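A.B. asks: Before I ask anything, here is the structure I am working with.
What follows draws every value from the coordinates through simple rules; no lab data is involved. Treat the numbers as computed from the prediction; the structure is a model and nothing was measured. Cβ placement follows ideal geometry from the backbone for every residue including glycine, while neighbour counts extend to all protein chains displayed.
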Amino acid sequence: MNEVDLNDICREVRCDILRMTAAAGSGHPGGSLSAVELLVGLYCKKLRHRPQEPDWPDRDRFILSKGHIAPALYAVMAHTGYFPREELLTLRKMGSRLQGHPASMRLPGIEVSTGSLGQGLSVGVGLALGAKLQRKQWRTYVLMGDGEIQEGQIWEAAMSAGHYRLDNLCGIVDRNYMQIDGNTEDVMTLDPCADKWRAFNWHVVEIDGHDMEQVAAAYDTAASTVGKPTLIMARTVKGRGVPFMENVAAWHGKAPSEAELAEALAHLAATNQ
Amino acid sequence: MHNWEWRLCRDGFGEALLELGEKDERVVMLGADLSESTRALWFKERFPQRFFSLGIAEQNMLSAAAGLALAGLIPFVSSYGVFLSGRAWDQIRTTICYSELNVKMAGAHGGISVGPDGATHQALEDCAIMRVLPHMTLVVPCDYHETRKATLAVANMVGPAYIRYGREKTPVVTAADTPFELGKAYTMRAGDDLTIIANGYMVSQALLAAEELADAGIEARVINMHTLKPLDTAAIEKAARETGAIVTAEEHQLIGGLGAATAEVVVATHPVPVQMVGIQDTFGESGAPEELLEAYGLTAADIVAKARIALQMKTKS
Ligand SMILES: Cc1ncc(C[n+]2csc(CCOP(=O)(O)OP(=O)(O)O)c2C)c(N)n1
Ligand SMILES: [Mg+2]
């Protein structure tokens, strides 16, 4: 698939995220919208996986460490054939496989349940160590929020990945500069963020996280980097694609109303020229 | 049915913190990226110098609170109960409780009524893992007023304390002037046929259950056990002796919670049948709060059903 097609998918995924959270009446659109290209670029282009056979032993592993953006992951999974798209509208409803935060015991294709921030990269370290020990070729990807990496455990994981030179591990930070209480640099300064990862012996690639070409190239770089884990520092915009949500902290964890949904969908449709 | 007003417990917490901040300059607050939801924001806006934003880093926040306590301040920390009690448990245990440091913790989002966020955000084990800690004071207030009073009360004592309440509005079943004393159970309704001991949101359900039982000629005593530690063992023993059967009700795992704590006292003092309403060793899931409360057996009807079993056991023995 070329970048143009992928951008079409991104637009559809954005529409799905908005429809899903609106139907649920709750959820996290802001951080979902900022990670769309990162997820679509991975699931549609890079990840070696079989959506019809989610437990295929040789699959690449993906962990959504920032579990609150489950709507984005579910939408991308539906697009790649893990389950029917109609199921998306059951998000957060009683009995649904699409829990508010990804639940591995309910939905095939989810490697591990997440939602408590800061733990996913450590799981990635374990997977990557396990793959190396057993001489497996599959790779592990972990998507983190930038607020999330304020958790100390992230840096414990970063240290161990650097120590073990886990070049089969790729971390992605959705650097949207926003968390619930506002700008990350006001809440708890992260910059110089990329330098921190370098200091922990990671190979760091800094990209525009909404540019599909750069996203795809970054995943390729990660795969060809030897002797170091790779960290993709993706500069993004929280709420990307919906003007009234962009860079507005309040849209972190709030569903759009019917009117807001209509406005957002109309805007996304208009950008489809 | 009652015409209860429904209000947020966290509003009671937030308002108490403003009162405390006004009265005592030593009161400080720490937040972990949930300021608005936990109402820490109100304190931050009124006393910006005394609010510390620690980012999404609960373990650091709890140990930093320990340091502030050592420096002579009275730190309050708040987050969602799962992350506060669970993520930072070792920090709370060894740094705060073992050293008996004056750190006050407020765990929001307790219980299954947290709703659509699902299991990851529904604190169902927090009372058990806080109750087990030596030196800890643990309060599970039932409504807005009681949360406010509990917050003021823990500020008035020296040592670690944890207050636990839910996300959603709960029925206001106490009044602004209802007495509140840490460690002292409050009897909400008199009765001698059996006793319902409840805390948190389940106090309202216990009152509704007692009314339904009264319609059937059964007079239930209702005890609001707002302080889970130190537990009012005298009130439990008295209830066992005087009513001969007990039902407990909590929005928490049965293992290690109010029911277990009550049973520990009952078997050691005056053994009588004890039936428990609570979460039965399972995680929660996404859903609307009312749907979940019903599906997981946390309604007045569930209390009534357990009451009938307890009464049957009582007459047999
Ligand atoms: C351990 C833990 N603490 C707190 C939370 C509550 N929480 C959920 S999302 C969030 C903010 C996340 O910000 P960020 O990682 O930047 O995510 P994004 O901007 O991509 O949405 C917080 C504090 C949590 N889920 N887990
Ligand atoms: Mg962010």
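A.B. asks: Using a Gaussian network model of chain A with C-alpha springs under 10 Å, which one of A:259, A:161, A:78 is most mobile by mean-square fluctuation?
C.D. replies: A:259
A.B. asks: With the crude spin-label approximation of a point 7 Å out along Cα→Cβ, what separation in nm comes out for residue B:25 versus residue B:45?
C.D. replies: Computed distance between label sites residue B:25 and residue B:45 equals 2.5 nm.
A.B. asks: Sort B:99, A:96 by Cβ crowding within 10 Å, fewest neighbours at the top.
C.D. replies: Numbers: B:99 14, A:96 23.
Ordered by Cβ neighbours within 10 Å, fewest first: B:99, A:96.
A.B. asks: What dipole magnitude, in Debye to the nearest 20, does the protein assembly as shown give about its Cα centre under +1 on Lys/Arg Cβ and -1 on Asp/Glu Cβ? Kindly include the intermediate steps, with their values, before the conclusion.
C.D. replies: Working: 55 positive and 72 negative charges, 258 e Å.
Dipole of the protein assembly as shown, to the nearest 20 debye: 1240 debye.
A.B. asks: About the Cα centre of chain B, what is the dipole size in debye to 20, counting +1 per Lys and Arg Cβ and -1 per Asp and Glu Cβ, all else neutral? Present the calculation step by step, with values, prior to reporting the outcome.
C.D. replies: Working: 27 positive and 39 negative charges, 150 e Å.
Value, rounded to 20: 720 debye.
A.B. asks: Partner chain Cβ atoms within 10 Å, averaged over the residues of A:94-104 - can you pull that number for me? Don't skip to the end; give the middle numbers.
C.D. replies: Working: counts 10, 5, 5, 0, 2, 9, 12, 6, 2, 6, 0.
The mean count of partner-chain Cβ atoms within 10 Å per residue comes to 5.
A.B. asks: In addition: What is the distance, in nm, between label points placed 7 Å from the Cα along the Cα-to-Cβ direction at residue A:247 and at residue A:191?
C.D. replies: Distance between the two pseudo-spin positions: 1.3 nm.
A.B. asks: If we count other beta carbons within 10 Å of each Cβ, what is the order of B:142, B:97, fewest first?
C.D. replies: Details: B:142 30, B:97 19.
Fewest to most other Cβ atoms nearby, the residues stand as B:97, B:142.
A.B. asks: Give the distance, in whole Å, between the Cα centre of the range A:1-68 and the Cα centre of the range A:107-161.
C.D. replies: Here the two parts' Cα centres lie 18 Å apart.
A.B. asks: Considering only A:68, B:144, A:24, whose Cα is most displaced toward the positive end of the charge dipole of the protein assembly as shown, charges sitting on Cβ of Lys, Arg (+1) and Asp, Glu (-1)?
C.D. replies: A:68
A.B. asks: On a straight-distance basis, which aspartates and glutamates could pair with residue B:23 in a cross-link, Cα separation under 13 angstrom, same-chain partners fewer than 8 positions away excluded?
C.D. replies: B:15
A.B. asks: Another question about this same structure. Just tell me which lysines come within less than 18 Å, Cα to Cα, of residue A:132; anything on the same chain fewer than 8 places away is out.
C.D. replies: Cα-Cα hits under 18 Å: A:228.
A.B. asks: Determine, for B:151, A:90, the number of other Cβ atoms within 10 Å of each Cβ, and report the residues in order from fewest to most.
C.D. replies: Details: B:151 27, A:90 17.
Lowest to highest Cβ neighbour count: A:90, B:151.
A.B. asks: Order the peptides B:38-45, A:147-154, B:282-289 from the highest to the lowest mean number of other Cβ atoms within 10 Å of their residues. Let's see the in-between values first.
C.D. replies: On the way: B:38-45: 22.0, A:147-154: 24.6, B:282-289: 20.2.
Most protected by this proxy first, the peptides run A:147-154, B:38-45, B:282-289.
A.B. asks: Across peptide A:177-186, what mean number of C-beta atoms from other chains lies inside 10 Å of a residue's C-beta?
C.D. replies: Numbers: counts 0, 0, 4, 7, 13, 3, 0, 3, 0, 1.
Mean partner-chain Cβ count within 10 Å for A:177-186: 3.
A.B. asks: A further question on this structure: With the dipole of the range A:170-273 worked out from charges on the C-beta (+1 for Lys and Arg, -1 for Asp and Glu) around the Cα centre, which of A:233, A:223, A:187 lies farthest toward the positive end?
C.D. replies: Of the listed residues, the answer is A:223.
A.B. asks: Report, ordered by chain and residue number, the lysines lying within cross-link reach of residue B:229, taken as a straight Cα distance under 22 Å and ignoring same-chain residues fewer than 8 apart.
C.D. replies: Those lysines meeting the cut-off are B:104, B:149, B:184, B:238.
A.B. asks: At what distance in nm do the modelled label points of residue A:270 and residue B:176 sit from each other, each positioned 7 Å from its Cα along Cα→Cβ?
C.D. replies: Once both label points are built, they end up 5.0 nm from each other.
A.B. asks: Using 0.36 nm per residue of separation minus the Cα-Cα distance, give me the extension gain between residue B:18 and residue B:281 in nm, one decimal. Don't skip to the answer; put the middle values down first.
C.D. replies: Numbers: separation 263, 0.36 × 263 = 94.68 nm, distance 3.79 nm.
Value of the extension gain: 90.9 nm.
A.B. asks: Same structure again: Average partner chain C-beta neighbours within 10 Å, per residue of A:187-194?
C.D. replies: Details: counts 8, 8, 1, 1, 0, 0, 0, 0.
Averaged over the peptide's residues, the number is 2.
A.B. asks: Here is a further query. What residues of the range B:91-107 lie in the reach of a label at residue A:159, counting those whose backbone N is under 20 Å from a point 7 Å from the Cα along Cα→Cβ?
C.D. replies: B:91-92, B:94-95
A.B. asks: Over chain B, what is the relative contact order in whole percent, taking alpha-carbon pairs under 8 Å and six or more residues apart?
C.D. replies: Rounded, it is 17 percent for chain B.
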